[in-house]
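Participant: Quick one: the structure is below, and I'll ask about it shortly.
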Amino acid sequence: MLEVLLLVQNQYQYLYSDGDTAHLLNMQTYEELTMNINMLESSKDKLLYLEVNMEVTVQSLEPEPGPLSWRLPARHTYKVKSLMDRIAKDRGTTYVTGTLENGIQAQIPNFIKPGENVVIDLMWLTYIGRA
């Protein structure tokens with residue numbers, strides 16, 4: 001007999017990490033799910049962009065064997081903590097290195113000020129716009 005499995009994508013909220021385990025919360029059922037960090041669909045350097053309460057997607061096969069992988073959202077909003085000063089005063093928009101509240105550095109347009117929220121593309125790790 002042939003068994004049919006469904007690939008399902010559900011939204012979860014990232015709670016915290018404990019070693020190599022990420023704890024996620026299903027926002028519909030309030031069920032907590034633990035997944036290995038290695039099951040993240042992208043490279044481990046993207047884990048630096050993970051924040052508490054960030055919405056992530058979990059892919060699983062139903063009815064069994066269960067969760068297969070999880071991924072970060074395509075975009076996420078971060079608060080700018082500080083910006084490096086530009087040396088040259090160029091015309092137009094130039095990018096400077098900014099530090100986000102979680103400690104990650106990103107290239108941000110010089111018109112953004114500390115304390116503002118920016119949207120970062122998590123696939124390319126680039127600035128998209130103001131939030």
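The values are calculated or read from the model by the stated rules, or taken from the named source; none is laboratory data. Bear in mind that the values here come from a model prediction, so they are computed numbers and not experimental data. All Cβ positions, even for glycine, are placed from backbone atoms using ideal geometry, and neighbour counts span all protein chains on display. Accessible surface areas use protein heavy atoms only, side chains included; no ligands, DNA or RNA. Shrake-Rupley method; radii C 1.70, N 1.55, O 1.52, S 1.80 Å.
Participant: Give, rounded to the nearest 20 debye, the magnitude of the charge dipole that the chain has about its Cα centre when Lys and Arg contribute +1 at Cβ and Asp and Glu contribute -1 at Cβ.
Facilitator: Its charge dipole is roughly 1000 debye.
Participant: May I pose another question? Leaving ligands, DNA and RNA out of it, report the carbon-plus-sulfur percent of the accessible area of the chain at a 1.4 Å probe.
Facilitator: 51
Participant: Counting only residues 5 or more places away or on other chains, whose amide H sits under 5 Å from the amide H of Leu68 once H atoms are built in the peptide plane?
Facilitator: Residues meeting the criterion, in which the H sits 1.01 Å from N, are Gln59, Ser60, Leu61.
Participant: Residue by residue through the range 42-51, which ³J(HN,Hα) values in whole Hz follow from phi under the Karplus form 6.51 cos²θ - 1.76 cosθ + 1.60 (θ = phi - 60°), with glycine and proline marked x?
Facilitator: These are the phi-based 3J(HN,Hα) values: 10, 5, 5, 5, 6, 4, 4, 8, 6, 10 Hz.
Participant: What translational diffusion coefficient, in µm²/s and rounded to a whole number, does the Stokes-Einstein relation yield for the chain at 20 °C and a viscosity of 1.002 mPa s, taking the hydrodynamic radius as the Kirkwood radius over Cα pairs?
Facilitator: The Stokes-Einstein estimate is 129 µm²/s.
Participant: Excluding residues fewer than 8 places away in the same chain, name every one of the aspartates and glutamates whose C-alpha is closer than 13 Å to that of Lys79.
Facilitator: Glu51, Glu101, Glu116
Participant: Separate question: In the range 26-131, what percentage of the DSSP-assigned beta bridges are antiparallel, given to the nearest 5?
Facilitator: Percentage antiparallel, nearest 5: 95.
Participant: List the residues whose amide H sits under 5 Å from the amide H of Glu116, counting only those 5 or more places along or on another chain, with H placed 1.01 Å from N in the peptide plane.
Facilitator: Result for Glu116 returns Val80.
Participant: May I pose another question? When the Karplus curve 6.51 cos²θ - 1.76 cosθ + 1.60 is applied with θ = phi - 60°, which whole-Hz ³J(HN,Hα) does each residue of the range 106-122 get, with x for Gly and Pro?
Facilitator: 8, 7, 10, x, 5, 7, 7, 10, x, x, 7, 9, 10, 9, 10, 6, 7
Participant: Name the long-range amide H neighbours of Arg75: under 5 Å, sequence gap of 5 or more, or other chain; modelled H, no Pro or chain starts.
Facilitator: Placed amide hydrogens put Leu122 under 5 Å from Arg75.
Participant: Further question on the same structure: Only sites in a loop by DSSP and with at most 11 other Cβ atoms within 10 Å count here; which trypsin sites (Lys or Arg not before Pro) in the range 23-123 make the cut?
Facilitator: Loop-located and lightly packed - Lys89, Arg91.
Participant: Also, quick follow-up: Given Cβ point charges of +1 (Lys, Arg) and -1 (Asp, Glu) and nothing else, what value in debye, to the nearest 20, does the dipole of the range 57-131 about its Cα centre take?
Facilitator: 480
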